[in-house]
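As structure tokens, the structure follows; a few thoughts come after it.
The values are calculated or read from the model by the stated rules, or taken from the named source; none is laboratory data. Everything quoted here is computed from the prediction, not taken from an experiment. FYI the Cβ positions are ideal-geometry reconstructions off the backbone, even for glycines, and counts take in every protein chain you see.
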Amino acid sequence: MDKNAINTIDEYILQFPLETQEILNKIRNVIKEVAPEAEEKISYQMPAFSLHGNLVYFGAWKNHIGFYPTSSGINAFINEISEYKGTKGSIHFPLKKPIPYELISKIVKFRVAENTKKANVKKKK
């Protein structure tokens, strides 16, 4: 599939092997459970969720799942994510290890609260 032609999260997920599709769908469902009001989109050619601004992104790579909860989502969970590689804005979950869905859920909850608080402060101004 032409990566430039990806318009939905479903299209994105379908381009990967079945095992990876299952992981991506489960991450998507975890995010939807925690943030049912969040809007799905493709951004930077990756699945993304938006709620009062960007919430989280995720994507599949050759050897890992990248999870992108912004730098604040990384910093708030620095101890819990210390066993994973990543960057200042991403966490890399190796495909050969169990994906920590509960941790993903906690990070998304944090990001929902953070974005909601920012949106409420903006409304008051």
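Below, the figures for the structure above:
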{"read-out": "Candidates Phe77, Phe67, Phe58 - the one that is in a loop (DSSP other than H, G, I, E, B), touching a residue at least 24 places away in the same chain (Cβ under 8 Å) and at negative phi", "value": "Phe77"}
{"read-out": "Every residue from the range 80-94 that is of a type in the set (Phe, Trp, Tyr) and not in a strand (DSSP E or B)", "value": "Tyr84"}
{"read-out": "Some residue of the range 21-31 being at pLDDT below 95 and either part of a strand (DSSP E or B) or not polar (S, T, N, Q) (or both)", "value": "no"}
{"read-out": "Matching residues, the range 80-125, being among the β-branched types (Val, Ile, Thr) and either on the phi > 0 side of the Ramachandran plot or in contact (Cβ under 8 Å) with a residue 12 or more places away in the chain (or both)", "value": "Ile81, Ile91, Ile99, Ile104, Ile107, Val108, Val112, Thr116"}
{"read-out": "The range 53-62 - residue that is out of contact with any Phe, Trp or Tyr (no Cβ under 6 Å at 6 or more places or on another chain) and surrounded by 14 or more Cβ atoms within 10 Å (Cβ to Cβ) and, of those, farthest from Gly73 (Cα to Cα)", "value": "Gly59"}
{"read-out": "Some residue of the range 112-120 being closer than 26 Å to Asn7 by Cβ and either charged (D, E, K, R) or at pLDDT 95 or above (or both)", "value": "yes"}
{"read-out": "Qualifying residues in the range 1-36 (those that are among the charged types (D, E, K, R) and farther than 19 Å from Gly73 by Cα) - the one surrounded by the fewest Cβ atoms within 10 Å (Cβ to Cβ)", "value": "Asp2"}
{"read-out": "Selection from the range 82-125 of residues that are under 16 Å from Phe58 (Cβ atoms) and hydroxyl-bearing (Ser, Thr, Tyr)", "value": "Tyr84, Thr87, Ser90, Tyr101, Ser105"}
{"read-out": "Hey, Ser50 closer than 30 Å to Val121 by Cβ, among the polar types (S, T, N, Q) and loosely packed, with under 14 Cβ neighbours inside 10 Å or not", "value": "no"}
